[in-house]
Amino acid sequence: MDTVRAIREQFRTLKAVQPDATHLELLGVSFLANEPFIFGTPNQEYIDAEIEWYESCSGSVDTLFDMYGKRVAIWDSIADDDGYVNSNYGQLIYTWRGVSESQYMKVFRELKRDPQSRKAVMIYTDPKIHDTWNYNGMSDFYCTNVVQYQIRHGFLTAVVQMRSNDAVFGYNNDYAWQRHVLEKLADDLEVQPGNIIWQVGNMHVYERHLELV
C-alpha cells in the first residue's frame, strides 16, 4: 500500500511534468496515513482549537474563532449569512441527526456486539447535502463521506473515505481529527488504536501552496 511519502512523490512528479499548472490533483488515491502531514507544518494551536470546536458540536464558526482567538478565512468564506456551517464534524458524529442514536454510539455498540463486524461506519454525508450545501448563503458540501472502523488482532483501524481533500491544510487538520476520534473510540472499546487508511476521490494542492511541493 502507498504511504504518505508515495503521495508526496506523486505530487512532485505531477509538478515536474506540469510546471505551468495552477493546481495539482490526484484522483482516487488510497494510502496508509502514516504521517500527520503531506506538505507544510501542522498548526497545532489551530488543530487543538478545531478539535475542541468539533467536540462542542457547535455549528457556529464564531465558537471556533473564540476558541482559537482569531478568525479563519476558509470558515468565514463558507459559512452562511448567520455564521453557521454544515461541517462541524463533531456535530455529525456525536448528535442524533434525526436517527435513533449518534453515529459514534452506533459504531461503539456495533463493535461491542461483534468485534469482527464490518458494519461499524460513521456516516458523515447526508443525502440532503445536494440541496443544503448553499442554504442561506453557505458554501459547505461535506468533504468526508464515511469512516469505517474494524478491530483486527486487538487493534482498531479506521478507513477514512473522502470526497475531496486539500493536501496541505485539509489533510493536516482532518488527519488530526481522525486520529483523535480513533484514539477516543479505541479507549472506549478497550483496544489499541491502529492504522488510518486514507481514501480520497480528489486530493489536490492549490496554487498558493505549489511552492511546498
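Only protein heavy atoms count here; on that basis, with a 1.4 Å probe, Asp174 has an accessible area of about 20 Å².
Projecting label points 7 angstrom from Cα along Cα→Cβ for Gln10 and Leu27 puts them 1.3 nm apart. Checked against a 31 Å cut-off, the cross-linked pairs Lys106/Lys128; Lys70/Lys184; Lys128/Lys184 all give Cα-Cα distances at or below that limit.
Taking amide H atoms as placed 1.01 Å from N in the peptide plane, the amide H of Asn202 lies under 5 Å from those of Gly28, Ser164, Asn165, each 5 or more residues away in sequence or on another chain.
With Rg and the Kirkwood Rh both taken from Cα atoms, where does Rg over Rh land for the range 122-191?
Using Cα coordinates only, the ratio equals 1.06.
Considering only the Cα atoms of the chain, their convex hull presents on average a projected area of 12.3 nm².
Heavy-atom accessible surface of the chain, averaged per residue, reaches 50 Å², computed with a 1.4 Å probe. Packing, as the average of other Cβ atoms within 10 Å across residues, places the peptides 40-46, 159-165 in the order 159-165, 40-46, highest first. The fraction of accessible area contributed by carbon and sulfur in the chain is 50 percent, rounded to a whole number (1.4 Å probe; ligands and nucleic acids excluded).
In this simple spin-label approximation, Trp133 and Gln44 carry label points 7 Å from Cα along the Cα→Cβ vector, and these lie 3.5 nm apart.
Loop-located chymotrypsin sites (Phe, Trp or Tyr not before Pro) in the range 72-114 (DSSP state not H, G, I, E or B) with no more than 13 neighbouring Cβ atoms inside 10 Å: Trp96.
The values are calculated or read from the model by the stated rules, or taken from the named source; none is laboratory data. No experiment lies behind these values; they were computed from the predicted model shown. Counting neighbours? That spans all protein chains shown, and the Cβs are built from the backbone with ideal geometry, glycine included. Ligands, DNA and RNA are stripped out before the accessible areas are found, and what is left, the full protein with its side chains, is counted by its heavy atoms. Shrake-Rupley method; radii C 1.70, N 1.55, O 1.52, S 1.80 Å.
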